[in-house]
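Heads up, the thing below is written out as structure tokens.
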Amino acid sequence: MAIEVRIPTILRSYTGGAKVVEGTGDTLGDLLTDLDSRHGGLKGRLVTDAGALHRFVNVYVNDEDVRFLGALDAKLTDGDSVTILPAVAGGAFGFAAAAAIAQHSAAAAAIARHSAGAARVARH
């Protein structure tokens, strides 16, 4: 059973640079074991020592999040497409950075308005 797996850039060092690889398996766990036999170390980047998907990895089977399909027990069939994506972090730091940028932009605009006003007063 051939299953197409899309590999994110950060994990392509395990696949020799390949963006897409093929594997086999009846479940996502089986597929990852098969991929690890061909691309050593790949499974360790996706699955914890406790045997669960890492929280910072998102996996989709035919565009469906595997967390809602049974995670590593998600059933696969021939022709399925699996996409592995690293989770995008933001959280409080992302909001703090956005707030700092907004404050900087507001301050820069205020300075520009003040400078323009001062220039008008100086001309009179």
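State yes or no: is residue 107 farther than 20 Å from residue 10 by Cβ and either in contact with an Asp or Glu (Cβ under 7 Å, 6 or more places away or on another chain) or modelled with pLDDT under 60 (or both)? Against the criterion (farther than 20 Å from residue 10 by Cβ and either in contact with an Asp or Glu (Cβ under 7 Å, 6 or more places away or on another chain) or modelled with pLDDT under 60 (or both)), residue 107 qualifies. When the residues of segment 1-12 are filtered to those that are buried (at least 16 other Cβ atoms within 10 Å of the Cβ) and touching a Lys or Arg at 6+ places or on another chain (Cβ under 9 Å), the one that is farthest from residue 83 (Cα to Cα) is 11.
Among the residues of segment 13-34, how many are in contact with a Lys or Arg (Cβ under 7 Å, 6 or more places away or on another chain), in a helix (DSSP H, G or I) and free of Cβ contacts under 8 Å to residues at least 24 places away in the same chain? Residues in segment 13-34 being in contact with a Lys or Arg (Cβ under 7 Å, 6 or more places away or on another chain), in a helix (DSSP H, G or I) and free of Cβ contacts under 8 Å to residues at least 24 places away in the same chain: 1 in total.
Count, please, the residues in segment 35-60 that happen to be without any contact (Cβ under 8 Å) to a residue 12 or more places away in the chain and in a helix (DSSP H, G or I). Within segment 35-60, residues that are without any contact (Cβ under 8 Å) to a residue 12 or more places away in the chain and in a helix (DSSP H, G or I) number 4.
The values are calculated or read from the model by the stated rules, or taken from the named source; none is laboratory data. None of the values given here were measured: they were computed from a predicted structure. Cβ coordinates were reconstructed from backbone atoms using ideal geometry, including for glycine residues, and neighbour counts include every protein chain displayed.
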